[in-house]
Amino acid sequence: MKTRSLLIAVLSTLLTLSMLLAACAPAPTPTTAPATTEPATQPATEQPTEAPTEAAPVTITFWHAYNADTEGKYLDETIIPAFEASHPNIKVEAVNVPWDPFRRKLLIALSGGTAPDLARVDIAWTTELADTGALANLEDQIPDFATYKDLFLPGPLSTNLYQGKYYGLPLDTNTRVLAYNKAMFTAVGIQNPPTTIDEMLADCAKIKALGPDVYCFADGGTYGWAVLPWIWEFGGDVTDVAKTTSTGYYNSPQTASAYQFLKDGIDNGYFHPGMAGGGVDQWGGMGKGQIAMILEGPWFPPAFGQQFTDVQFGLAPVPAGPTGSISVVGGEDIVLFKQSTHKAEALEFMMYMLSEDVQLQMLSVGQVPVLKSAIDSDTVKNHPYIGIFLEQLKTSKARLPHPNWNKIEQIMSNTGAAILSGQVDIQTGLDDAVVEIDKLLPIQQ
């Protein structure tokens, strides 16, 4: 009986609780408007709402090889903070990769699925990366690309075109001009920089009198960036215009004359022998009064001036050869990788870097703008040294825009080093080189 009484008590308690809960529960919302307009006897009570949680900023990665002391520092301390302030939903992780291992590190990251969102790459790399399928086609990413691309200088823009599509945009452009140590010129009675190769050689004879360890000219090696200006000035080239053959071009008499000029310079003690291999500390040599002339880009004045504050230097066009004063077009493109999982945010940063304001800001550390509007601005027109580079760009040429350029350039580097060090005669070296270069020219469609 006690058990039965206990059960009845429990059921009674549950029934009472259910009635109380039913009384407290809100009435169901009617599917149609109520028939009466009289107010409810109990006012509705607003339920407190939680504040929405702000999404964490998206982080994008940007690889580059800016000079750490000037360009990279300005990027980290000025450009990126300003971008993040105006784009609080985006953080930029800028990774400064040393130039020499940059391409190899990038290719390794691509193969491992760890590529950055964006990268500032050499203009000679863009077609190679596009050929591998690593880059996003910007015509698919930017809705008004057909109009947007017309804002850029056509030369730098063309380095991003591969098989009819654009896989990047120019970020900066440059070329090389003659930089010379004014004190060394004055010491031997040279009043003005040489305007021709013949004048350059005459000046070299005077400078050599300063001592056996003093050199008239130096460059970093025998890669394309170093030797192409001389090859073009003597009338030679690497391939035909269509990039179908190197035979008859890289082994032409004109190209051979360019290598003869360089070899004679080394043999006569005018040019630094490190050009043939082993490397040359060009800036250190000029700063210490051991090298009178080098070829350098627009990053040179601010960076060299910061490193060697007491050294006076001048800038002039590359001394002209038989076909005139010709230099090499350099510069970097900014590219978006297919592996990026934050393409929209990466494009925001790309557009910011390509804005006229940022382009002109980067000019302060030697980066030549690629926007037509920036080039036409008063900032550029009144700049203390950028004019000589813009003038040289009018007669400068681009390195071979080919997916296999890096392999072709390696053949040129090896050939040049062998020639300048006397391991092979000029014509034999060039004849052997074109056989290997011709194998690399066909592109699979």
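The values are calculated or read from the model by the stated rules, or taken from the named source; none is laboratory data. Note that the structure is a prediction, hence the values are computed from the model and not measured. Backbone-built Cβ (ideal geometry, glycine too); neighbour counts: all protein chains shown.
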Restricting to the range 342-394, name every residue that is without any contact (Cβ under 8 Å) to a residue 24 or more places away in the chain, assigned to a loop (DSSP other than H, G, I, E, B) and either assigned by TED's automatic domain parsing to the domain that holds Gly305 or in contact with an Asp or Glu (Cβ under 9 Å, 6 or more places away or on another chain) (or both).
Ser377
Which residues, taken from the range 87-104, are without any contact (Cβ under 8 Å) to a residue 40 or more places away in the chain and farther than 22 Å from Pro298 by Cα?
Pro88, Lys91, Glu93, Ala94, Val95, Pro101, Arg104
State whether the residues of the range 384-402 include one that is hydroxyl-bearing (Ser, Thr, Tyr), on the phi < 0 side of the Ramachandran plot, within 22 Å of the chain's Cα centre (by Cα) and surrounded by fewer than 17 Cβ atoms within 10 Å (Cβ to Cβ).
yes
Just give me the residues in the range 315-330 being in a loop (DSSP other than H, G, I, E, B) and either surrounded by 18 or more Cβ atoms within 10 Å (Cβ to Cβ) or in contact with a strand residue (DSSP E or B) (Cβ under 8 Å, 6 or more places away or on another chain) (or both), in sequence order.
Pro317, Val318, Pro319, Ser325, Ile326, Ser327
Restricting attention to the range 106-141, report how many residues are free of Cβ contacts under 8 Å to residues at least 12 places away in the same chain and assigned to a helix (DSSP H, G or I).
5
Before we move on, is Ala303 at pLDDT below 95 and in the same structural domain as Ala256 (by TED's automatic domain parsing)?
yes
Quick check: is even one residue across the range 428-437 under 21 Å from Glu128 (Cβ atoms), in the same structural domain as Gly279 (by TED's automatic domain parsing) and surrounded by fewer than 18 Cβ atoms within 10 Å (Cβ to Cβ)?
yes
Residues to consider are Gln260, Gln312, Gln306; find the one that is surrounded by fewer than 19 Cβ atoms within 10 Å (Cβ to Cβ), more than 30 Å from the chain's Cα centre (by Cα) and not aromatic (Phe, Trp, Tyr).
Gln260
So is Gly285 touching a residue at least 40 places away in the same chain (Cβ under 8 Å) and in a loop (DSSP other than H, G, I, E, B) or not?
no
Condition met for Pro298 (outside the structural domain of Lys394 (by TED's automatic domain parsing) and either in contact with a Cys (Cβ under 9 Å, 6 or more places away or on another chain) or surrounded by 18 or more Cβ atoms within 10 Å (Cβ to Cβ) (or both)):
yes
